[in-house]
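Note sheet for the following structure.
What follows is calculated from the coordinates using simple rules that are stated; it is not laboratory data. Predicted, not measured: the structure shown is a model, and the values here were computed from it. Neighbour counts run over all protein chains shown; Cβ positions are idealised from the backbone, glycine included.
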Amino acid sequence: MLADNIIILGVNHKTAPVGIREQLAFTGDSALPFSELMALEGVTECCILSTCNRVEIIVVSRDPGKTARLLRPFLFGKSAVNDREFEKYSYLHQGEAAITHLFRVGASLDSMIVGEPQILGQLKQAFKASADNNCTGAILTRFLHKSFSVAKRVRTETNIGGSAVSISYAAVELAKKIFGDLQDKTVMLVGAGEMAELAAEHLITQGISQVIVVNRTFENAVKLARRFNGKAAGLDDLVPLLENVDILISSTGATDLVLKQEDVKPVMNQRMNRPLFLIDIAVPRDLDEKLNKLDNVYLYDIDDLTHVVDINKAERDKEAGRGERIVVEETMKFAQWLEGMEVTPTIVALRQKADAICRAEVARTAGNLKDLSPKAQKSIEKMAGAIANKLLHDPITYMKTDQPGDKGEKLALIRRLFSLDDDPA
């Protein structure tokens, strides 16, 4: 089967630690060893996918058995991994298993965070680099493009990307539940923790109007505020600035509380009880848990956000099951397309031979009929073509029909019966 010519060898976050993946990663298009890969015995098409979580080599080979034996030494050749560990860290898929694997990768069903959208863009970049280096042909081009459409179908027909599965994004989702529209809201970052920065980045995409960065070290506040085109302030200005803040995200390294209930209570009167959303991502906590007792103050700590993430991960896993069923269906469709490609050359050769015989016999007959009009000759040509088509109908249907047995044997039988591989006399 033509599907068996497709091979994928790779390592990912499940099979190899980051120390191993780092040794195998290809950084930048110029570092991709396309010429060396194409030089491996049997390889006719290839693509290399290299991300922080996976390195995969996708090839089409005319001799998959030989190529498969050469791929692991190729991938691990410049690493410190010895021959005995090749199989321990890697996986090798062939045929329909390879098709299913790539469809799962593109649809983010095989990602560290199921449903994350970045992998599809990375896969498209990998295909472009391969195409730019003339390493793609009919099979790989169709295969990669099909993986893109499968990913789109999974994202369209399931809610796999619809639930927040990171702490920072969960914070944004909670803010949207409280405020609805986040446009024209002001967010304050207290401290410079990475998760608080990520949450601010997510909030900016939702259209918030202003970011205020408060830090014990004013220079650090200025540096971070510059990233968000925001304002910087010292820690002493935190409470006075609260009057105009809608969302506060705190992630300092302080050992004591940064904001207490008695600090915020008078501010809420000045705010006319406008809602205040507080997110405490610090450990130990920055914000007084008693703040939740104030009217229109909504305080969430990292445990609350983790709970949201866990619920959403379970929801994504449920949606992933629907995605897996789509992948199975699309794998079958692509395998059928490959089978059609396998049959096509024999059908073309059969029709070409029949057409050649028809033309030769019509020419011989026309030569013996001196008074044959052009219209009559056209009729004879049509009749000869119709007879050939009717005779070819059954063998062509036989080749296309799915039956138990090896398709290669069926094609070989047709080629022998009609002497399609014989040298012309």
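The table below lists the values:
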| item | result |
| --- | --- |
| Point-to-point label distance, ALA68-ALA349, nm (Cα→Cβ direction, 7 Å offset) | 2.6 nm |
| Rounded tilt (10° steps) of 167-179 against the dominant C-alpha axis of the chain | 70 degrees |
| Which listed pairs, of LYS146/LYS333; LYS231/LYS265; LYS14/LYS78; LYS353/LYS390; LYS333/LYS400, have C-alpha distances above 18 Å, in listed order | LYS231/LYS265; LYS14/LYS78 |
| Distance-filtered residues of the stretch 137-161 - backbone nitrogen under 20 Å, label point 7 angstrom along LYS124 Cα→Cβ | 137, 140-161 |
| Kirkwood hydrodynamic radius (C-alpha pairs) into Stokes-Einstein, the stretch 338-417, 10 °C and 1.306 mPa s, D in µm²/s | 111 µm²/s |
| Correct option for percent of Cα pairs over 32 Å apart [calculated from the coordinates] among (i) 58; (ii) 54; (iii) 29 | (i) |
| Separation between Cα centres of the stretch 333-376 and the stretch 214-237, rounded to whole Å | 79 Å |
| Ascending count of other beta-carbon atoms within 10 Å, so fewest first, for CYS46, CYS358 | CYS358, CYS46 |
| Crossing angle, helix 218-227 versus the chain [Cα axis fit, 0-90 degrees, rounded to tens] | 30 degrees |
| Alpha carbon Rg of the stretch 167-310, scaled by the compact-globule rule 2.2 N^0.38 Å | 0.93 |
| Charge context of ILE302, other residues only, Cβ under 9 angstrom, K/R +1, D/E -1 | -3 |
